[in-house]
1. Would you confirm whether any residue within the range 50-67 is in contact with a His (Cβ under 7 Å, 6 or more places away or on another chain) and either at pLDDT 95 or above or within 30 Å of D156 (Cβ to Cβ) (or both)?
2. Could you identify the single residue in T147, T95, T157 that is over 30 Å from F49 (Cβ atoms) and among the hydroxyl-bearing types (S, T, Y)?
3. If a residue must be among the acidic types (D, E) and either more than 19 Å from T12 (Cα to Cα) or assigned to a helix (DSSP H, G or I) (or both), how many such residues does the range 35-70 contain?
4. Search the range 71-102 for residues being of a type outside the set (D, E, K, R) and in a loop (DSSP other than H, G, I, E, B), and hand back the single one that is surrounded by the most Cβ atoms within 10 Å (Cβ to Cβ).
5. Among residues belonging to the range 141-164 that are at pLDDT 95 or above and of a type in the set (G, A, S), point out the one that is farthest from A64 (Cα to Cα).
6. Looking at the range 21-70, which of the residues that are touching a Phe, Trp or Tyr at 6+ places or on another chain (Cβ under 9 Å) and among the acidic types (D, E) is surrounded by the fewest Cβ atoms within 10 Å (Cβ to Cβ)?
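The values are calculated or read from the model by the stated rules, or taken from the named source; none is laboratory data. Since this is a predicted model, take the numbers as computed values, not measurements. No Cβ is skipped: glycine too gets one built from the backbone with ideal geometry, and neighbour counts run over all protein chains shown.
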Amino acid sequence: MTRQHSYDTVVTWTGNRGTGTSGYRDYGRDHDVTAEGPAPIAGSADPTFRGDPARWNPEQLLLAALAQCHMLSYLALCARHGVVVTGYVDRAHGTMALEGDGGHFTSAVLRPVVRVAEAEMVEKATALHHDAHAGCFIASSVNFPVTNEPTVTADDTPEPDGAA
């Protein structure tokens, strides 16, 4: 039985500088992304495409969605399997290819650095990344490879000499 979830967002262009899109250089790429409940996201285009580097661009948001989805799937699996996660940071990287007037993502690499409570949990914590990837709704929806390069360490394992 298929269950369905629906999502709604509103994207409002705020980049009209008084002459609309009268020319490619005459309008701003600024926009707001809103939904009922959360705070707005200030968006723009990538700076390469005349966007504001102080605002989120769609490519960053796609990569963030992949990293968020993996993390949330992973944390749920860890909780169900008795793995106590005490820290999680992912510095994800995506690559996009431009062709003519268009482009597409060619890959994304998630690099979660995870801390678990005990050394005995490291092996299971590492293995659960595979299942988290399989269960990630966003990764299952894109048409490019998403890979994971996790690092898992334990709180009860001393740092090597000289490590900060």
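1. The answer is no; no qualifying residue exists.
2. Within the list T147, T95, T157, the selection yields T157.
3. Number satisfying all stated conditions: 1.
4. Only one residue tops the list, namely V83.
5. So the residue we want is A154.
6. Filtering first and then ranking leaves D32.
Each row is one residue, and each column tells you yes or no for (1) within 26 Å of F105 (Cα to Cα); (2) in contact with a Lys or Arg (Cβ under 6 Å, 6 or more places away or on another chain).
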site: W13; (1), (2): yes, no
site: N16; (1), (2): no, no
site: D30; (1), (2): yes, no
site: E36; (1), (2): no, no
site: A39; (1), (2): no, no
site: A42; (1), (2): yes, yes
site: P47; (1), (2): yes, no
